[in-house]
1. Just to be sure, is residue B:169 free of Cβ contacts under 8 Å to residues at least 40 places away in the same chain, under 26 Å from residue B:297 (Cα atoms) and away from chain A (no Cβ under 14 Å)?
2. So residue B:71 fits all but one of (1) more than 30 Å from residue A:198 (Cα to Cα); (2) part of a helix (DSSP H, G or I); (3) over 27 Å from the mean Cα position of the chain (by Cα); what number is the exception?
3. So which of B:198, B:156 is closer than 30 Å to residue B:115 by Cα and either more than 14 Å from chain A (Cβ to nearest Cβ) or touching a residue at least 60 places away in the same chain (Cβ under 8 Å) (or both)?
4. Residues being assigned to a loop (DSSP other than H, G, I, E, B), touching a strand residue (DSSP E or B) at 6+ places or on another chain (Cβ under 8 Å) and within 14 Å of chain A (Cβ to nearest Cβ): count how many of those fall in the range B:274-301.
5. All but one of (1) surrounded by 22 or more Cβ atoms within 10 Å (Cβ to Cβ); (2) under 16 Å from residue B:447 (Cα atoms); (3) at pLDDT below 95 hold for residue B:34; which doesn't?
6. If I filter the range A:50-64 down to residues being more than 14 Å from chain B (Cβ to nearest Cβ) and in contact with a helix residue (DSSP H, G or I) (Cβ under 9 Å, 6 or more places away or on another chain), which single residue comes out as surrounded by the fewest Cβ atoms within 10 Å (Cβ to Cβ)?
7. How many of the residues making up the range B:91-126 are facing chain A (nearest Cβ under 8 Å), touching a residue at least 40 places away in the same chain (Cβ under 8 Å) and either assigned to a strand (DSSP E or B) or in contact with a helix residue (DSSP H, G or I) (Cβ under 7 Å, 6 or more places away or on another chain) (or both)?
8. Go through (1) closer than 29 Å to residue B:448 by Cβ; (2) not in a strand (DSSP E or B) and name the single condition residue B:77 misses.
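The values are calculated or read from the model by the stated rules, or taken from the named source; none is laboratory data. Bear in mind the structure is a predicted one, so any value in this text is a computation, not a measurement. Cβ placement follows ideal geometry from the backbone for every residue including glycine, while neighbour counts extend to all protein chains displayed.
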C-alpha cells in the first residue's frame, strides 16, 4: 500500500477529516491543535491533483511562511504528489507577487522587473519617509508597526485613508513613492497593489480563476485582512473553490495585523461548509481538558492518545534565573530518568521573550544541557538562503542520502527564476561538491561559508536578481565571525532541531511544534500576560491564546515554572503573582492537581 | 481563439511587416514574396517541435536592408497576438498573463533574436542568441512559461511533402495518435483473439509448399553465414502477432480493402493526409494534451483537381468537420497558396496578400475591411464565381460589365499595353456598385493598384460623376465631384456610355462597321451604313440597335475587330486610366 493510500485510510477513520477530504465546494476547516490538519491538507491537495484537476490548470497552496511551504512540499513529496507543473506552493506574498503584481502591475505603472526591497532598503526608505513627513528627530521604529497595519487595513485608500490618520497616511505614501522611484517593492506593497489591481480589473480575477480553479490556504487566521479581502473578492467574482484551514484559538500574531474574526466572517458565508475536527491526536486527555479550560470557552475536543500525561506547576522564588537553574538541574534530568526512551530532543522549553531565552541558554550552557534556539534569536537573517545553508551544514555533519535529495531540491528552488530551469551543470557540480563535503562537520563555520561563497553558491550570489540572497548570506557571514565565532558546521547545522538538543523557543515560534515534555517558563503576571495585555481586553484574549498554544504543544508532560513576580529590563520588580492563565485553571480543576507546592 | 496579428521585423525578406488576421488565413503572394518565411516565422514563436538548430537564427536570416555591416542593436523580432481566448479557461490561464494593457482580451508572444553582447556586436552567427517574451520586449516584458508552447501548437504540412511516405512511416504518421488512442480504448480480449488469428494465418501461409521451402532456405542461409550470432527464431510471416504491433500494422486501404495507399493517386493521398492531421489535432485537444492548433498548410492544392481543392478546404475551414459542433473551435488554418480555387472558397475576411517592395515584403489583409454583410456576400459570390482571380492581380481595372471585359484589353493592346503580360486583370462588377471591390483591394484591404472605368451616364438618375464621388469618399473620406481630382484617385469616367464614347473616338469607323456587320435585318444595316457615310450619329437609335444585336456579342466582335486594327485613338479617359494604373504599379 502506498503512503498516499495509507493516509487516505487513516483519514477515513476520522469522521471530520474524511468529510473535509470529500468536500467539493468551499470549505473551512477549523482545525484545533493536534488535529492532523497538515495531513488532511496535504492529502486533499494530492487527491485534487490526482482525481479532479485537469492540465494546464493548477492548484495554489498558500501558507504563512516559507518554512510552512517547504514542509508542505516535503510532505507532498513523501506521498508522491508534488507535481510542480500543477502546483503553486508559497506564501501569500509570493502568490501576490508572482501572479498579480508581476504580470499585471504594468497597468498601474509597476514594472515587471521590480525588485523586492531588502530589509535594509525598507528600513532606510521608511526612515527617510518618517524624517520627511514627521520630523528628522522622530524615531522611525515608533511608527513602523502602526504604519504597516494602517497601510494593510486601509488598502482600499478610500476617503477615510487621509482623514482617519493623516500622519500615517502621509508617511506610507512617501515611503511607497521612494520605493517606486528605486523600482523596489516591499511585502506589504505586494499585498496592497494586488488588492488594488483585483478591484480595478475583473479580468485579473478571471485569469486567476482560469489558472487556479482551486486555492488552498493554511493558517488563515494569521494571514490578515488583505488576504481575506482577496478571498472575498475572488468568491464574488469567480468560481474558484477554496479550502481554508485555520484555528481562531491559535491566532497570536495580532501585532502583525492578524484578526481571528476573519475566520468567523468566512464561517458565516453561506457558500462555505465548516468542519471542526474533534480529535486531538497529540495531547493526552488531561492536557486537552486543561487547554480548553485555558481558553475559557467550551470546545468539543477530545484526546485520542492513551498516555495519561501530567501537569505540574513549580514555584521557584528566585525568579527567571532560578527557574532556569531548577529546570536544568532538577526538572529535566528527572524527566529523562522517568522516561528512559526519551532524549533532549523530545523536550521543548517555551517562554515569552527572548530575554528569558537568553537566560535559559546561558543556564543550559553552564549545566551542560545541549540546546538549540529555534526562535528568532539567531544572529542572522532567517531567509531562504540561510535556511538552505543550515540544512547543508546539517548534511555535511550527518550525511543522509534523503537529506541530500531534499537539499538538491532547495538548491534548485533557490535558482528558480520565473519557472525557467536552472542550468543543469550547476546542479551537477553542486551535488559533486556535497558528496565531497561529507563528514566535515567539525570545521569552522566562517571558513566553510567562504568555501560556499566561492564554490556552489557563487553563481547564485553573483546574479543580479539575488540582492536579498546576498544580504541574507552576508548577515550569516557576519554572525560567523561574531556570535557564532566558535561554532562548528555541525552546531550550526543542527540548529533547527536535533534529537540530541533540547529546543528553546518563544511561544510565538512554537506553533506547529510538539514535544513529549513541555516546560513553560516565566508564567508570571507581567510576563504572560504582560503589562499592556493586562490592561486591554483584546490583547488579553490574544495572550490567552498564546498560553493555549504553549499548553497544546505537549504530548505527555506539561510543566509550568513561576516565581510570583516579574522583573523588567531595568530590574524593577512587580509582585503581581503567578500568571492568571495558570491560576484560573485552578478554578476548573482541583487545585491540588495543578499547583504543586514548593 | 485565433491568431489576430503577426508582426515581423528584420526577418529574411521582411523589414517591417504587420498583418491583422481573422479566424483563418489564406495567404497569397507571388513567388519569393515570403509565404514560406511567414510560416517559418510563426514556427519560431510557437513550434514546440522545431529543433534548436532551426530556432537559432543566423546572420543570413537578418533582413538584408540593414546593410553589410550589421548595427549591433539590430533585432529580429516576431510577435504573435492571440485573441478571443477568455471563454476557454485553459487558454485564459496560460495567455492571460500576457494580455496587453492597451488591448484587453489580446495577448502577445514575441520571439527576439539579437546580439548576445551589444559591445561585441553581430559579426558571426554565434554572436546571436534568441529569447522569448510575453506582452512586450521592453520594460513590461515577461518571461514565457514552457507550458505555453506545449498547449498552443502549430502543425505544418509543408509543400513538397510526400504524403505517402509519411502515412506509411509509423513515427511520423498522423494516424499514430489516433490508432494508439483506439488501441487503449479497445477490449484487450478482442485484440487477443485477432492476434491469435494472425498467428494462425502466419502458420497457414507457411504451410503453402513453395513458401515453406523458401522459409527454410532463407533460414538456412542466414543462420549458415552468421552461425550462432544470427537472428533468433526467424521465419516468414505476414504480421507480428502481438496486440500492440497489430495497431502499427493497421493502414488505410482503398477500393474496399484491395489496394493500399501507395498505389493511390498522389492527390488522394494528400487529401487523406490532411484529413488525418486534422483528426489528430481534434483528438489531442479532446484528450486535453493541447488546447489549440494552428494548422499551416503550404500549397494545399498540390496534386489536387480543382473541384477537390474546393470541396476539401471549404469543408475543413467551415468547421463542419469538428467533433463537437457547439464548442468553440480551437483549430485555425493558415494556407499559403497559388491556387485560385482555394481562394475562391475563402471567407472574404480571411485573405492575406504578401507583396514584395523595395522596403521588404509587406503583408495586407482583409480582416479589418469595413464592409456590410451584403457587401461581404457580394464579394464572396464574386470570388467564388471568378475563382478569386483578382487576388492574384498585380493591377486591376474595374469595369461595369462583360462588354468592357472584352473591349478594354483590346483597346489597351492598341496602345501597346499587353494587359496579361503586365499582370493586369479586368474585373467586371456586373453592375455599377464598385464600392465593395474598391474596399477589398484598397489601402485597408489587399492593397492592389487599381483604376475604375465607368460610363459617364450624364442623363441617368445616378450619373457616373456621382458614382465616382461616392467611391472617392471611400478612398479619401471626402466626396470629389471634380473629374480631375477623381482621376487622380484612379477613378475614370467617360462622357456618355462606352459605345457612344467609342463612336466619338478614333475607333469610330471600326465600331460602326461592327454594327453593320452584325446588323439584324436590312433596315438596321442601312442605318449603320448611313452613319458611316454621313458621319451623323443618332445616339438613341444607335444604342437601341446595339441592344438588339446584344451588347455582349457586339463587344466580343468589336474587340476582335479592334485587335486587327491599325493603332488608333481610343477614348481619352481609357488611355488616362491605363497610364494611371501602369504608373501606380511601379
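1. It is true that residue B:169 is free of Cβ contacts under 8 Å to residues at least 40 places away in the same chain, under 26 Å from residue B:297 (Cα atoms) and away from chain A (no Cβ under 14 Å).
2. Failed condition: (2).
3. Within the list B:198, B:156, the selection yields B:156.
4. Within the range B:274-301, residues that are assigned to a loop (DSSP other than H, G, I, E, B), touching a strand residue (DSSP E or B) at 6+ places or on another chain (Cβ under 8 Å) and within 14 Å of chain A (Cβ to nearest Cβ) number 2.
5. (2)
6. Filtering the range A:50-64 for residues that are more than 14 Å from chain B (Cβ to nearest Cβ) and in contact with a helix residue (DSSP H, G or I) (Cβ under 9 Å, 6 or more places away or on another chain), the one surrounded by the fewest Cβ atoms within 10 Å (Cβ to Cβ) comes out as A:50.
7. 2
8. Failing condition for residue B:77: (2).
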